[in-house]
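These notes concern the structure reproduced below.
The values are calculated or read from the model by the stated rules, or taken from the named source; none is laboratory data. Since this is a predicted model, take the numbers as computed values, not measurements. Note that we place each Cβ from the backbone using ideal geometry, even for glycine, and neighbour counts take in every protein chain shown.
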Amino acid sequence: MLCGPAPLVPIERCRDVNQCDPEYTNVNDILRGSSVPVKPAPRTSSMEFMAHGAAAHMNAKPPPALIVLSRKDLTALVSFGDYVDAVADAFRMHAEGRSVAPPPMHIPSDGGGFHVKAGSLPIGPGYAAFKVNGNFPDNGATHGLPTIQGAILLFDTSTGSPVALLDSIEITIKRTGAATAVAARYLARPESQVATIWGCGAQGRIQLGALRHALDVRRVFLIDKDAAAAEAFAAEIAGEGLDVDVPVKPHLAARASDVIVTCTSSHAHFLGPEDVRAGTFIAAVGADNPEKSEIDSALMARARVVTDLTEQCSYMGDLNHAIRAGTMQASDVHAELGELVAGRKPGRTEAHEITLFDGSGVGIQDVAASARAYELARKQGAGRSLSLA
């Protein structure tokens, strides 16, 4: 769902091109069925326009300096609870029709590519954010650089001024975990204590924190195709009061769990109906492009599915694969997460039902998290200033 002004429409899409006078017709009125001609404003010559623009520019004050927030700044500045509150607000505003959430864009490049997400929310003066992440899998071996690097540019929508430049990695991993924490409030059984984390990278660590933010998790199974990564994660959290296990038989561990998180880069599903017991909540957050897949289509069809954005998940989440397999249609989705937050639809209604959150990651999460970080930075004098004037 995209909420905002009507898109610009080429004149060729009028119902009768022969009746579409570009000087006297408002195309959006035609699309609404109105036949009332609208006389245009008087035309201005290019020289007059340029002179007016130059004069306005000479009289304008310089734009405000940007606040630059590094990953280290963000870690110190924004608590996980701040991310959870910001993301819940973002989804609620979307359900209320107050967001702009355009589809993501991918730009391929040799050795990798760039992923662009954007959005706008009426927080404070109004903010729009544009996130660009570069994903280059061979960076470590070839250049000694991280696989994923990126930045977020935040704008004040009341003035059009860019106000902040933020590290995107910290924002992305934390807002992704925050969505799981919000989903767990509505979809997990409140008494859930046993969790499986499938994928033991940086996101796996955030996901465990997200579950512990929402639930009283006491036992956790850690699973990764790289057993050493799972063992390292287990060693890190050994002193945190959890019963931690790296199971020899992952699917049996999943079946013994109340909550399962899948946060991998898998291109083939690995979690099926036989791996999940009644009453389980699943947060499937790894399938953030059309090629990735974690959940068997039969399990998707069996579960009560809630998406972050159904339209986006229908072409780049696990819902995408269920639709292609013919086991589900987009209309089979129970709700979007924002509808649960806004109280428009219920979350879990039966203790025995399997609930599943399909989180593909959306731009409004980045807007909300970035705006919260920017506002905290202004209050606390954090980050550094950068003038583009």
Subject >> Candidate set: the range 286-302, residues that are farther than 19 Å from Thr180 by Cα and modelled with pLDDT under 95; chosen: the one surrounded by the fewest Cβ atoms within 10 Å (Cβ to Cβ) >> reply: Glu291
Subject >> Matching residues, the range 350-389, being touching a helix residue (DSSP H, G or I) at 6+ places or on another chain (Cβ under 7 Å) and among the aromatic types (Phe, Trp, Tyr) >> reply: Phe357
**OP:** With respect to Thr176, determine if the residue is of a type in the set (S, T, N, Q), buried (at least 17 other Cβ atoms within 10 Å of the Cβ), touching a helix residue (DSSP H, G or I) at 6+ places or on another chain (Cβ under 8 Å) and in a strand (DSSP E or B).
**Re:** no
Subject >> the range 113-142, subset at pLDDT below 95 and surrounded by fewer than 16 Cβ atoms within 10 Å (Cβ to Cβ), residue nearest to the chain's Cα centre (by Cα) >> reply: Gly113
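One line per residue, one yes/no per condition, for (1) free of Cβ contacts under 8 Å to residues at least 12 places away in the same chain; (2) buried (at least 24 other Cβ atoms within 10 Å of the Cβ); (3) in a helix (DSSP H, G or I):
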position: Met328; (1), (2), (3): no, no, no
position: Gly338; (1), (2), (3): no, yes, yes
position: Glu350; (1), (2), (3): yes, no, no
position: Phe357; (1), (2), (3): no, yes, no
position: Ser370; (1), (2), (3): no, yes, yes
Subject >> Top-ranked residue in the range 233-270 [being in contact with an Asp or Glu (Cβ under 6 Å, 6 or more places away or on another chain) and of a type in the set (A, V, I, L, M); ranked as surrounded by the most Cβ atoms within 10 Å (Cβ to Cβ)] >> reply: Ala254
Subject >> Residues (out of contact with any Phe, Trp or Tyr (no Cβ under 6 Å at 6 or more places or on another chain), free of Cβ contacts under 8 Å to residues at least 60 places away in the same chain and over 21 Å from Arg372 (Cα atoms)) located in the range 102-123 >> reply: Met105, Pro108, Ser109, Asp110, Gly113, Phe114
**OP:** At least 2 residues that are without any contact (Cβ under 8 Å) to a residue 12 or more places away in the chain in each: list the strands (runs of 3 or more DSSP E) lying fully within the range 241-284 that qualify.
**Re:** none
